[in-house]
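The next block holds one structure in the form of structure tokens; read it before the comments.
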Amino acid sequence: MIELVWLVPLLPLLGWLIIGLFGKRLSKALVGAIGCGSVLGAFGVSIAVFVAVAGHRGEFGSIKLFDWIQAGDFTASFSFLVDPLSSLFLLIITGVGFLIHVYSTGYMKEDEGYARFFAYLNLFVFFMLLLVLGDNYLIMFVGWEGVGLCSYLLIGFWFKNTDYNKAARKAFIMNRIGDLGFLLGILLIFVTFGSVSYESVFDTAASPGAGFSNNAVTTAICLLLFVGAMGKSAQIPLYTWLPDAMAGPTPVSALIHAATMVTAGIYMIARSNILYTLSETAMTVVATIGILTALFAATIGIFQNDIKKVLAYSTVSQLGLMFLGLGVGAYTGAVFHVMTHAFFKALLFLAAGSVIHAMHHEQDIRRMGGLKKYLPVTFATFFIGTIAISGIPPFAGFFSKDEILAHAYMHNKFFWFLGVLTSMMTAFYMFRLLYLTFYGEFRGTEEQEHHLHESPKSMTVPLMVLAGLSVAGGFLGVPELFAHGAHWLHGFLEPSFERSAMRMYTSHASHAEEYAIMGFAVLGAVAMWYLAKKHYSEPDNVPAEDDEEVNPVQKVIYNKYYVDEFYEAVITKPLNRISEFFYGIVELRFVDAIVNGIGDTVKWLAGIFRLAQTGNIGFYIFAMVISIVVILFIKIM
Amino acid sequence: MKNMIVLGLIAFPFLAALLLLFTKSEGAKKIAFAASVIEFALAVFAFAQLKQNAVHPELALNVPWIKTIGVNFHVAIDGISMLMVLLTALLVPFIILSSFRSNHENPSLFYSLILIMQMALTGVFTAMDGFLFYVFWELALIPIWFICLMWGSGDRARITLKFFIYTLVGSLFMLAGLIYLYQFTGSGEIGTKEFVGRSFDIKALYAAGASLDPGQQGWIFWAFFLAFAIKMPVFPFHTWQPDTYVAAPTAGTMLLSGIMLKMGTYGLIRWLLPLVPAGVHAWMDTAIILSVIGIVYASCIAIVQKDLKRLIAYSSIAHVGLISAGIFTLTAEGIQGGLMQMISHGINVVGLFFIAEIILSRTSTRQLAELGGIRNVEPQFAVLFLIVLLGSVALPLTSGFVGEFLLINGIYQYSTWAALFAGLTVILGAVYMLRSYQRVMLGETNSVTAGFAPLTFHEKAVLIPIVILIIALGVYPKPLMEIAEPAVKQIISIAGGIK
Amino acid sequence: MSAIQVIPVHYYILLSVVLFSIGVLGVLFRRNAIIIFMCIELMLNAANLLLVAFSSYFSDAGGQVFVFFIMAVAAAEVAVGLAILTMIFRNTRSTDIDFLNKLKW
């Protein structure tokens, strides 16, 4: 079965080609059908591949399509690697992707760029599949940049709006900064290991006595790759593009900026787990950056008033948690969280999209409230998503988050503490969002209230499916604490992580400690729920308008700690100034001036010498005769 | 028969140009186009021939020309030359087709100059004799000078003069270097059996170059490097280029940027590296540093350009800097990547300049600030522009990526820091390209762009194949990479790699 | 022994030098174009004289061949030169070379 894995990316690619080339001539229904159908087909093949991988242990390996780049010692072929890790990601991408495609047929119905939207989405799915399927770093890089391109196209989907275009550009350029790190990382891998294919790199790195353990090169490789991950997965300091990326249509935010693309960084590190395991420094850096981002973004999330911005910061924060997981060696936990996060965050975004749809593109939660009765399905699913993300058992988020936190606890108590703090804040701002949006009195205009309606089936059915997954998804990874062998995912992913697991220092927490960790997290989340409910059920506690005076701390956080302004002042403006300086001064007044100066000097000298041309023939002859005499004289002497 | 292919590739455009000069008719452009297509077919035929006999490429012609000084009419096609000839033969039809819409005065002269240019370029890329190389090298300058001068715009008299003299000065250094080397060719006493006469043949020159002491090789290096650096152009010898690109008619700009600057990079590979290995080793650091400075410098300048054509001109300097830096690393990756990028850049930049021309002809402006919102009016054009642009920023699966990746790879093997700075092109390229795309195509339509006419058949006939090529070469570059590989290995073995 | 060879060769040289010098001085100091012209002829003839003399002394016909060349060239030169002069005179009513200084910087 796994030989047919090339069908998985091929189908969305064909979908893109057909819609891209003939989209305008096809009816909307047909475009939607092709768009969804291609991803559904890919999903079908992915299931088959997944079953094959899960069923027959060891039946995985790489499938080579053709040689791609070959020069000197460098070889990279277009080959796909099928193993538990990639097959799981295939399932997430095509599965969640399909639901979001279906949702989009409803959400984008009125948009004139309907066909274009589906073409972009299909192209995105293609590149994302390429990213996880590649059997070497270069193919991963292809997908990596490709999804960045699609992200650019989709953020700037409404291209008439200059702000959206700027957001799109910002996303692309910030990603490219990360990509440069990734690229250099790949090159260092090639220079070090003589290959970029996973198999030979990991074999060489893991072989005992090769000396790659804790050596500077390994650390450098890991850090360079991590720079790429920072860009793609929106970690400090390259995270600011993600909140702005909310300019794109909401299904895009759900698919690209929550469920799949932004988790590419986690996939990359999970894929390179053996390299990271070999470098303690790199692991520490990953964990530190991860937890800092998680905490930082969560604080910003508390004060945002745009429904999508809250979710965006929440995504940044959750991604930070996943990196924390990776950094403390909880590879399975991080991948698990990617999966559950894909379910509930896609759900939350889509539900938010449903709200926005109903509110006629109003995104400010200060204008909402009391939507519960108008949008019952949306409310119910959003509620489930909120519980899931807050980590309240037995919803999906609880299990995955618990696994990360438990590992963090074993690794470093302080990380664990910050992790719990983050997850409490998460619970708080999510319930704040829930109460402000769905409870209380409606605060929008009368016209908006008049038009409030539940979304069509095409939108609510995906919501319900995702809600179901958010409820049940966690049971794939029930802690071993409750029953031996309950953590199915752990067993499934083992082949991908076994070499790291062998090297990892593994001491399990005692049962009492594990229960305490769980209890602590759950208690915190429930307490925050209560707090948010109590505070935001009061009509007086609706967040302040932008022009109202608030206390300075709140103001700084509301303005996202002024990081964007800081980057503007430190990077963008100086770059422009330097460029102006290069052009205005160096280029025109120096380099070109020298060239022109040489020409002018020749001209000036010619101006002097030409004076010798008096036009007087007698003078010429006289000069000639004198010169001859002089020459003869010299010769004779 | 095989020998005649090379001669045919050189002579055919010339004969077509002569024919064209005598047809003073409206049909001139059609004849020129047909001729260039035939030439392309010939080049593809040569490619197929070479592919068959990769081990013993016999596409060569060697007849005495000026016996007394040992000059032969020696032309040959190996993998490297093949790629360049193919690029030339591929781009010229596009260039001719792209000027169909602009009604030039005296079209038969215009098109015959283009064809003469093609002949000279093909000669440069196939010449295996130093003297012949120089002749073709200078010959290429003449038609392009007339094209820029007679059909250009703006302050063209001053700009083309600067361009002409600047490049000519560079070439004279090369001539001096050639003649100096020539004196060391040949061996043995006159009249004895071992006597070998002096000669300009490439092998003889290689041997002469290698026999010099490193100090002398250093001088020869600079003599040749100046000629090539000005042609490419590499920082800080580039200042003729933006003005010339802007002032030249679009066909001229395409010839200059698409093909002619590859004379410089080709010259590096074919002539400079194997000619004076010790000189190259002594000065490669300097050359790479200059190239890398050029990348960052030109990219930065491109960010603040207001004129679309000038912006593309500076981006071209940045790209060429990367090619030159990669070639000077003397790694197989760097040189193969350089060749790949030459082709890719040629296709890309022709596409970009054509896009600038399409915009100019419809809106009468190239100022970014005055444009905007063309995408609303002409979405198809927007898509084509976007793909060409992505090729230019080297997105994977476009041809630009293969070249750029291998180049940075080569540079990385040489020095991590150089690779880091060279790699900034990945970021800065995205900055200036996306900025210009946003200014031109996105946003609200304004009065200038509102009446943007749909693409004509001829315009599509140029842009669509270019876009297809960009993607096709990015996905499957193997045929091109393969054919150049033996020749590149040979060059490196003569020049001596860094490892 | 021919009559020419009776006279010692340095007499010819001397005569030739004198004639040549007269020619040079004439070209340098006279301002009338026709006289300058004549002086140029004088220099040519000085050279011719020398060539003939050496040719005879060394019994080498080469020198005399050159003389014929020079005479032919001089004739052509006179034809063209005088034509130009006539034209100049018609236009300017003067043959003064100081007057003809238009061809300057």
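Per q in 0.19 Å⁻¹, report the Debye log10 I(q)/I(0) for segment A:242-352, using one uniform scatterer on each alpha carbon and no solvent.
Log10 of I(q)/I(0), two decimals: -0.90.
Stokes-Einstein D for segment A:433-579 at 10 °C, 1.306 mPa s, Kirkwood Rh over Cα pairs, in µm²/s?
Working: Rh = 21.9 Å.
Answer from the Stokes-Einstein relation: 72 µm²/s.
Could you tell me the extents of segment A:122-265's C-alpha atoms along the three principal axes, largest first, rounded to whole Å?
Principal extents (Cα only, largest first): 57, 29, 20 Å.
Would you please classify the overall shape of segment B:351-485 from the alpha carbon gyration tensor, given that a ≥ b ≥ c denote the square roots of the eigenvalues, rounded means a/c under 1.5, and beyond that prolate means a/b larger than b/c while oblate covers the rest?
On the way: a/c = 3.28, a/b = 1.68, b/c = 1.95.
Oblate is the answer for segment B:351-485, as a/c is 1.5 or above yet b/c matches or exceeds a/b.
All other residues with a Cβ under 9 Å from the Cβ of A:Q448 taken together, and with Lys, Arg as +1 and Asp, Glu as -1, what is their net charge? Write out the running numbers ahead of the final one.
On the way: positive: A:R367; negative: A:E362, A:E446, A:E447, A:E449.
Here the charged neighbours net out to -3.
Report Rg(Cα)/(2.2 N^0.38 Å) for segment A:59-141, keeping two decimals.
Details: Rg = 16.2 Å, N = 83, 2.2 N^0.38 = 11.8 Å.
Normalised Cα radius of gyration, segment A:59-141: 1.38.
On a full-extension model of 0.36 nm per residue, what is the gain between A:K457 and A:T614, subtracting their alpha-carbon distance, rounded to one decimal in nm? Don't skip to the end; give the middle numbers.
On the way: separation 157, 0.36 × 157 = 56.52 nm, distance 9.78 nm.
Full extension of this stretch gives 46.7 nm more.
To the nearest 0.05, what FRET efficiency results for A:A569 and B:N446 with a Förster distance of 22 Å applied to their C-beta separation? Kindly include the intermediate steps, with their values, before the conclusion.
Numbers: r = 31 Å, r/R0 = 1.40.
That pair, A:A569 with B:N446, gives E of 0.10.
Taking a ≥ b ≥ c as the square roots of the eigenvalues of the Cα gyration tensor of segment B:1-94, is the shape rounded (a/c under 1.5), prolate (a/b larger than b/c) or oblate? Let's see the in-between values first.
Details: a/c = 2.85, a/b = 1.38, b/c = 2.06.
Here segment B:1-94 falls in the oblate category.
Do me a favour and compute the ellipsoid semi-axes for segment B:29-150 from its Cα gyration tensor, root of five times each eigenvalue, largest one first, whole Å.
They are 28, 20, 10 Å, listed from largest to smallest.
In units of 2.2 N^0.38 Å, what is the alpha-carbon radius of gyration of segment B:360-421? If you can, show how the numbers build up before the last one.
Numbers: Rg = 17.1 Å, N = 62, 2.2 N^0.38 = 10.6 Å.
Its radius of gyration relative to the 2.2 N^0.38 Å reference: 1.62.
Segment A:329-393 to segment A:41-81: how many Å between their Cα centroids?
Using only Cα atoms to place each centre, the spacing works out to 34 Å.
Suppose each label sits 7 Å from its Cα in the direction of the beta carbon; what would the A:K109-A:H535 distance come out to in nanometres?
About 3.8 nm, to one decimal.
Sequence gap at least 6, Cα distance under 8 Å: using those rules, report the relative contact order of segment B:3-144 to the nearest whole percent. The partial results should precede the final answer.
Numbers: 195 pairs, mean separation 47.5, N = 142.
With pairs under 8 Å counted, the relative contact order is 33 percent.
So, counting K/R as plus one and D/E as minus one, what does the shell of residues with Cβ under 11 Å around A:R610 add up to?
Values: positive: A:K603, C:K104; negative: none.
With Lys, Arg at +1 and Asp, Glu at -1, the neighbours total +2.
Over all directions, what mean area does the Cα convex hull of chain A project, stated in square nanometres?
Numbers: hull surface 174.8 nm².
Mean projected area for chain A: 43.7 nm², to one decimal.
Report the label-to-label distance for B:D285 and C:I7 in nanometres (one decimal), using points 7 Å from each Cα along the Cα→Cβ vector.
Modelled inter-label distance: 7.8 nm.
With a Cα-only, solvent-free Debye model of segment A:542-605, what are the log10 I(q)/I(0) values at q = 0.13, 0.23, 0.30 Å⁻¹?
Debye output, listed in q order: -0.60, -0.92, -1.11.
Along the Cα-to-Cβ line of A:F417, 7 Å from the Cα, sits a label point; which residues in segment A:294-326 have backbone N less than 20 Å from it?
Residues A:294-299, A:321, A:324-325 fall inside that zone.
Please give every one of the lysines within straight-line cross-link reach of B:K67, meaning a C-alpha to C-alpha distance under 20 Å, and leave out same-chain neighbours fewer than 8 residues apart.
In chain and number order, the partners are B:K193, B:K203.
Please give me the summed charge of the neighbours of A:Y276: other residues whose Cβ is under 14 Å from its Cβ, Lys and Arg +1, Asp and Glu -1.
Counting the neighbours of A:Y276, the net charge comes to +2.
Can you give the angle from 0 to 90° between the axis of helix B:107-126 and the longest principal axis of chain B, with both taken from C-alpha atoms, to the nearest 10?
40 degrees
Arranged by the count of other C-beta atoms within 10 angstrom, fewest first, what order do B:W240, B:W222, A:W416 take? Don't skip to the end; give the middle numbers.
Numbers: B:W240 20, B:W222 17, A:W416 23.
Going from sparsest to densest Cβ surroundings: B:W222, B:W240, A:W416.
With an 8 Å cut-off on Cα pairs and a minimum separation of 6 or more residues, tell me the relative contact order of segment B:354-499 in percent.
Details: 130 pairs, mean separation 55.7, N = 146.
Contact order relative to length: 38 percent.
Reported to two decimal places, what Rg/Rh ratio describes segment B:429-498 when computed on Cα atoms with Rh from the Kirkwood expression?
Numbers: Rg = 20.6 Å, Rh = 16.6 Å.
With Rg and the Kirkwood Rh in hand, the quotient comes to 1.24.
Which chymotrypsin sites (Phe, Trp or Tyr not before Pro) does segment A:546-637 hold that lie in a coil by DSSP with at most 11 other beta carbons within 10 Å?
Working: sites: A:Y558, A:Y561, A:Y562, A:F566, A:Y567, A:F581, A:F582, A:Y583, A:F590, A:W604, A:F609, A:F619, A:Y620, A:F622, A:F633; in loops: none.
Here no chymotrypsin sites (Phe, Trp or Tyr not before Pro) fit, given the DSSP loop and packing criteria.
Mind giving me the FRET efficiency for C:L100 and C:L14? R0 is 41 Å, r the Cβ-Cβ distance, nearest 0.05 is fine. Spell out each step's value before the answer.
Details: r = 35 Å, r/R0 = 0.86.
Between C:L100 and C:L14 the formula returns 0.70.
Taking a quarter of the surface of the convex hull around the Cα atoms of segment A:410-468, what do you get in nm²?
Values: hull surface 27.1 nm².
So the Cα hull casts an average projection of 6.8 nm².
If you fit an axis through the alpha-carbon atoms of helix A:592-609 and take the longest principal axis of the Cα set of chain A, what angle between them do you get, 0 to 90°, nearest 10?
The helix A:592-609 is inclined about 10 degrees to chain A.
What is the Å³ per residue value for the convex hull set by the Cα atoms of segment A:508-561?
108 Å³
Specify whether the C-alpha gyration tensor of segment A:497-588 places it in the rounded, prolate or oblate class, a ≥ b ≥ c being the square roots of the eigenvalues: rounded for a/c under 1.5, otherwise prolate if a/b is larger than b/c and oblate if not.
On the way: a/c = 5.74, a/b = 1.36, b/c = 4.21.
Note, shape of segment A:497-588 comes out oblate.
Quote the Stokes-Einstein diffusion coefficient, in whole µm² s⁻¹, for segment A:253-302, based on the Kirkwood radius over alpha carbon pairs, a temperature of 10 °C and a viscosity of 1.306 mPa s.
Working: Rh = 12.3 Å.
Reported coefficient: 129 µm²/s.
Of all the C-alpha pairs in segment A:429-496, what % are more than 19 Å from each other? Could you put the intermediate results ahead of the total?
On the way: 1458 of 2278 pairs.
Within segment A:429-496, distances greater than 19 Å cover 64 percent of Cα pairs.
With axes computed from alpha carbons, what is the tilt in degrees of helix B:28-52 against the longest principal axis of chain B, rounded to the nearest 10 within 0 to 90?
Between helix and principal axis, roughly 50 degrees.
Could you tell me how many cubic angstrom of Cα convex hull volume segment B:233-342 has per residue? Please report the intermediate quantities before stating the final value.
On the way: hull volume 9.9 nm³, N = 110.
Hull volume normalised by residue count: 90 Å³.
In which sequence would B:F33, A:F382, A:F475, B:F381 go, from the one with the fewest C-beta neighbours within 10 Å to the one with the most?
Details: B:F33 20, A:F382 27, A:F475 13, B:F381 23.
The fewest-first ordering by Cβ neighbours comes to A:F475, B:F33, B:F381, A:F382.
Could you work out which residue, out of C:N91, C:N48, C:N32, moves most in a Gaussian network model of chain C, that is, has the largest mean-square fluctuation with Cα springs under 10 Å?
Fluctuation is largest for C:N91.
How long are the semi-axes of the equivalent ellipsoid of the protein assembly as shown, taking √(5λ) for every eigenvalue λ of the Cα gyration tensor, in whole Å from largest down? Write down the numbers at each step before the final one.
On the way: eigenvalues 1136, 214, 146 Å².
Over the Cα atoms of the protein assembly as shown, the ellipsoid semi-axes are 75, 33, 27 Å.
Starting with the fewest neighbours, write out B:L406, A:L575 ranked by other beta-carbon atoms found within 10 Å of each beta-carbon. Working shown, then result.
Values: B:L406 29, A:L575 16.
The order, fewest Cβ neighbours first, is A:L575, B:L406.
Restricting to Cα pairs below 8 Å that are 6+ residues apart, what does the relative contact order work out to for chain A? Please round to a whole percent. Show your work: numbers first, answer last.
Details: 1004 pairs, mean separation 73.2, N = 637.
Once divided by the residue count of chain A, the mean separation gives 11 percent.
Based on the Cα atoms of segment C:24-105, what semi-axes does the equivalent ellipsoid have, where each is the square root of 5 times one gyration tensor eigenvalue, given in whole Å with the largest first?
They are 32, 13, 9 Å, listed from largest to smallest.
Of the listed pairs A:K373/A:K401; A:K170/A:K555; A:K166/A:K308; B:K262/B:K460, which have alpha-carbon separations greater than 22 Å here?
On the way: A:K373/A:K401 32 Å; A:K170/A:K555 24 Å; A:K166/A:K308 18 Å; B:K262/B:K460 26 Å.
In this structure, A:K373/A:K401; A:K170/A:K555; B:K262/B:K460 lie more than 22 Å apart at Cα.
Take the alpha-carbon positions of chain B, form their convex hull, and give its projected area averaged over all directions (one quarter of the hull surface) in nm².
Working: hull surface 89.0 nm².
Dividing the Cα hull surface by four gives the mean projection, 22.2 nm².
No value in this document is a laboratory result; all are computed from the given coordinates. All values derive from a computational prediction rather than experimental measurement. Counting neighbours? That spans all protein chains shown, and the Cβs are built from the backbone with ideal geometry, glycine included.
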